[in-house]
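Right, one structure below, let's go through it.
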Amino acid sequence: MSEPDGAFLKLRIARPDLVRWLDSPPARASRWLDWRSIDGQWYFAGGPEDIRSVSVVQLLRTVAECDAALGRAATNRQALRGILDAAEAPEFRQAAYDPGTQDFVAGTLTYSENLNDFIVFLAIARGAAAFLAPDGHGIAVIHDYLWGGEDEQITQAALRLGPGDRSSFMDEAEGRSAGGAFQALAEQMVAGGRPPIDELDSLR
């Protein structure tokens, strides 16, 4: 049985800047050199291997594959649409902008288990930092919200975005708690009775 992790991002961003980002091409994963910070065992060409010890050639091959996937989307809006559509049910996804707080939240409770997909999602999120105001900020998280007990629901990766055009992986201690940023949303999704919220196409 597939057990995909959730993938969510949250940006504190003015609506005009959000729209500019949504209508811009996705950033390429090769723009960043710190993908080993995802950590963990993943399947590469030779089988499962720790990303921190995999060869540079293999890692660059993986990043190139992610660049190719990102290049198939003309805009971040289109790329995010692909991520939202990975949700196993409409109520397991969200794309919503709150004009009061200027918070944009997007993602799906059931995204993927695949390293390439994770890098693609994180590259999309990291590209948003270039559109943040100097005091703008955000977070992107890949977390297991559904499978096993609470001690088994781990964060695969967590990014800090901002202030301004900056992004970095959280350290292990921060990463362990990063999933909490979207815990309430995940619980609402699992509880059911929540109408799907998908404003991605109407944010213009």
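The values are calculated or read from the model by the stated rules, or taken from the named source; none is laboratory data. Keep in mind that this is a model prediction, so the values were computed, not measured. Note that each Cβ is placed from the backbone with ideal geometry, even for glycine, and that neighbours are counted across all protein chains shown. Heavy atoms of the whole protein, side chains included, go into the accessibility calculation; ligands, DNA and RNA do not. Shrake-Rupley method; radii C 1.70, N 1.55, O 1.52, S 1.80 Å.
Between Val19 and Ala68, the FRET efficiency from the beta-carbon distance, with R0 = 25 Å, is close to 0.40.
For Thr155, Thr101, Thr62, the ranking by accessible surface with the largest value first comes to Thr101, Thr155, Thr62, using a 1.4 Å probe. Evaluated with a Cβ-only charge set (Lys, Arg +1; Asp, Glu -1), the chain carries a dipole of roughly 900 debye about its Cα centre, given to the nearest 20.
Beyond 18 Å, the tail of the calculated P(r) for region 23-160 holds 59 percent of the Cα pairs. Counting only protein heavy atoms and using a 1.4 Å probe, what share of the accessible area of region 16-70 belongs to carbon plus sulfur, as a whole percent? Taking all protein chains in place, region 16-70 shows 57 percent carbon and sulfur surface.
Name the shape class, rounded, prolate or oblate, that the alpha-carbon gyration tensor gives for region 82-204, where a ≥ b ≥ c are the square roots of its eigenvalues, rounded holds for a/c under 1.5, and otherwise prolate holds if a/b is larger than b/c and oblate otherwise. It comes out oblate by the Cα gyration axes. Put Arg194, Arg61 in order of accessible area, highest first, and with a 1.4 Å probe you get Arg61, Arg194. Solvent exposure of region 68-167 amounts to 39 Å² per residue of accessible area, where only protein heavy atoms count and the probe is 1.4 Å. Ranking Ala191, Ala14, Thr101 by how far each Cα lies toward the positive end of the dipole of the chain (charges on Cβ) leaves Ala14 at the top.
I'd like the antiparallel share, as a percent to the nearest 5, of DSSP beta bridges with both residues in the chain.
Taking every DSSP beta bridge within the chain, about 95 percent pair in antiparallel fashion.
Which shape class applies to region 81-146: rounded if a/c is under 1.5, otherwise prolate when a/b exceeds b/c and oblate if not, where a ≥ b ≥ c are the square roots of the Cα gyration tensor eigenvalues?
It comes out oblate by the Cα gyration axes.
The figure for Glu49 is an accessible area of roughly 70 square angstrom, using a 1.4 Å probe on the protein chains alone.
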